[in-house]
Amino acid sequence: MLNPKKLSEQDIKKIAKNAIKPDSKISFYDLLLSEKIITPEQLKEIREKKNNQRYLSFSELVETNDDINMEKYIAAFCCSFDIPYIDLELLAPDTNALTEISFATVAKYDVFPLYLWSGELAVVFKDPSDNGAINAVNFETQNRVVVLCSPENQIHSAIEEHYQLAEFDKLIDQISRQYQLSGSGNISGQTNLEHVVNQPPVVKLANGIIYSGIREQASDINIRPTRSSVELHYRIDGKMLLVKSFNLELLNALVGRIKIMGGMDIAERRLPQDGHASVNFLNRDVDLRISIIPTIEGESIVIRILDQSKGILTIDQLGLEGQTLERFSSIIQHNNGIFLITGPTGSGKTSTLYSIIESRKHSSRHIISVEDPVEYHISGIEQIQINPKIGYSFSESLRHILRHDPDDVLIGEMRDTATAEIAVKAALTGHFVMSTLHTNDAPGAITRLTDMGLQPYKIASCIVGVLAQRLIRKICSHCKSEVTLDEKLVLSQGFEEDITYYEGKGCKKCHGTGFKGRLMVCEIMTLDDELRGLILNGATAQELRGPAERNGMRSLKQHSLELVTKGLTTLKEANSINIEM
Ligand SMILES: [Zn+2]
């Protein structure tokens with residue numbers, strides 16, 4: 001007998017989409033090809049990537065290709081393996097099912113428990129080929145798991161709607177009741193706090209916040225006390241997003257839990273502390289760099305998420321094209337000289353440096369990097385973490401490195417004259433040196449080096465290229481739509497009148513911001529005889545810009561406006577980076 005309110009497995013099978021007729025005689029890959037979901041070229045490319053990127057599954061690699069329709073891909077998978085493919089938006093979940101799987105697991109594996117009926121739990125997976133997720137669910141429930149599948153965006157919406165915030169609320173309520181928190185936030189007794197931070201609701205809440213941040217592709221998680229509450233913010237695509245406000249009483253428990261995760265001193269609450277942790281997320285290790293500072297409202301936490309699988313892009317993935325890509329590629333062919341990457345904090349300089357290293361390490365070069373901090377571990381190169389506290393500075397470590405027979409040297413940042421002098425010495429003695437500087441544009445790097453006291457002839461003879469970069473937000477492809485802009489505004493930017501402009505309207509997928517993901521905007525300066533002459537004569541950055549553009553440098557502004565004409569970003573976003581200049 002079926003309970004009409006709860007769908008049986010058969011019912012779910014009946015409503016499963018049957019866009020593609022299953023045919024068990026053909027393999028999954030053949031089905032993808034015959035249904036034209038993937039072209040033979042795409043299949044070849046993904047298989048090649050799979051050999052290089054062991055962290056990502058076949059499905060995750062398919063997902064990185066914007067030209068493949070993910071929905072059709074998963075539908076084909078379900079047909080091949082006879083898994084019901086459901087439209088989650090049409091179904092109301094069973095609240096009893098929600099309590100079967102913890103929020104930490106739901107957030108970590110992107111799964112959604114839908115129905116619970118006698119001894120069976122129907123769980124929706126975004127990727128039913130993910131054994132890690134299926135095992136994790138099996139581990140938590142006593143019931144037999146019925147595997148269903150839905151598009152990832154529907155699962156995300158369902159988790160957000162029915163689970164995430166409700167689960168945070170439930171845990172918060174549980175913690176408050178269990179420990180009888182008073183209005184003054186009193187889990188302050190030392191023994192009591194040490195006990196509380198190891199209790200399941202507190203552990204689950206802290207883990208849920210972290211997994212949820214990783215899943216949302218946040219770069220940082222910020223838990224910030226205000227006078228009346230605790231605010232949870234995620235930094236996504238460079239912008240802070242308020243996710244939730246908690247009761248202030250929870251602060252001490254959360255801070256304590258995170259201190260334990262980061263190997264910090266739980267009793268120290270008056271001094272800033274730094275810590276590290278590593279969590280396993282979707283079968284890969286994600287490093288967390290934790291900073292806690294005491295503010296007048298209480299301790300404030302920032303967790304930087306260093307997702308190793310996303311850390312190192314290939315040169316192709318940087319998004320350079322045409323003449324810019326040619327310039328970049330020719331600079332990184334050099335065997336000696338200095339290549340500088342410039343831009344403000346958070347402009348993606350480190351990612352670019354790592355891409356260069358990744359491409360050069362294959363040409364049997366001995367590469368040593370000096371960094372502060374080492375953000376990603378790159379196999380095949382020697383990375384050094386400096387430690388100024390014990391006098392091991394950039395310049396000090398570089399002196400030793402040059403005796404260590406390197407071909408290429410990466411200097412995390414050129415902070416002082418001593419470091420710059422050694423970089424020049426290394427470049428002049430046949431090393432390829434890569435480093436970063438905080439300047440707004442490429443010509444500005446030259447004047448910065450002069451200001452640091454480097455002689456102009458050294459600069460003119462060493463620099464093989466300067467790349468200035470920014471990251472610009474990309475219009476969300478899920479809510480992208482055409483807009484008409486004010487004619488005067490359009491003409492003032494020097495655009496043709498007949499360009500189509502786009503904006504994101506804001507949807508669940510982009511948290512209502514209208515943007516998802518970021519693109520690199522850059523200008524690359526190389527030196528010709530005219531520019532070298534100007535440098536020797538002590539020219540200013542403004543004086544260098546004109547000749548640099550005549551020598552083929554496309555400016556940051558030009559590049560950002562090109563992205564507007566291509567419909568990849570908005571005029572407002574492009575102008576926001578140009579204002580900084
Ligand atoms: Zn959107």
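The values are calculated or read from the model by the stated rules, or taken from the named source; none is laboratory data. Please read these numbers as outputs of a predicted model, since none were measured by experiment. Glycine also receives a Cβ, built like all others from the backbone with ideal geometry; neighbour counts cover every protein chain displayed.
List of remarks:
- Residue check for Ser461: farther than 18 Å from Lys566 by Cβ, at pLDDT 90 or above and more than 16 Å from the ligand (Cβ to nearest atom): yes
- Positions within the range 478-490 being more than 11 Å from the ligand (Cβ to nearest atom) and of a type in the set (S, T, N, Q), in sequence order: Thr484
- When residues of the range 520-550 are limited to those that are aliphatic (A, V, I, L, M) and surrounded by fewer than 19 Cβ atoms within 10 Å (Cβ to Cβ), the one farthest from Gly319 (Cα to Cα): Leu536
- Meets criteria (over 26 Å from Phe28 (Cα atoms), within 32 Å of the chain's Cα centre (by Cα) and at pLDDT 85 or above) for Leu171: no
- The residue list Ser278, Ser309 contains one member that is modelled with pLDDT under 95 and part of a helix (DSSP H, G or I), which is Ser309.
- Within the range 491-530, being at pLDDT 90 or above, part of a loop (DSSP other than H, G, I, E, B) and more than 16 Å from the ligand (Cβ to nearest atom) holds for Thr526, Leu527, Asp528.
- Just one of the listed residues (Thr439, Thr429, Thr417) is assigned by TED's automatic domain parsing to the domain that holds Leu527, more than 16 Å from the ligand (Cβ to nearest atom) and buried (at least 18 other Cβ atoms within 10 Å of the Cβ), and it is Thr439.
Residue-by-condition table, conditions (1) within 30 Å of Arg473 (Cβ to Cβ); (2) outside any loop (DSSP other than H, G, I, E, B); (3) modelled with pLDDT of 90 or more; (4) among the hydroxyl-bearing types (Ser, Thr, Tyr):
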position: Glu326; (1), (2), (3), (4): yes, yes, yes, no
position: Thr345; (1), (2), (3), (4): yes, no, no, yes
position: Ile356; (1), (2), (3), (4): yes, yes, yes, no
position: Ser369; (1), (2), (3), (4): yes, yes, yes, yes
position: Gln383; (1), (2), (3), (4): no, yes, yes, no
position: Arg403; (1), (2), (3), (4): no, yes, yes, no
position: Leu410; (1), (2), (3), (4): yes, yes, yes, no
position: Arg415; (1), (2), (3), (4): yes, no, no, no
position: Ala418; (1), (2), (3), (4): no, yes, yes, no
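- Being more than 16 Å from the ligand (Cβ to nearest atom) and at pLDDT 90 or above is a property that does not hold for Ile475.
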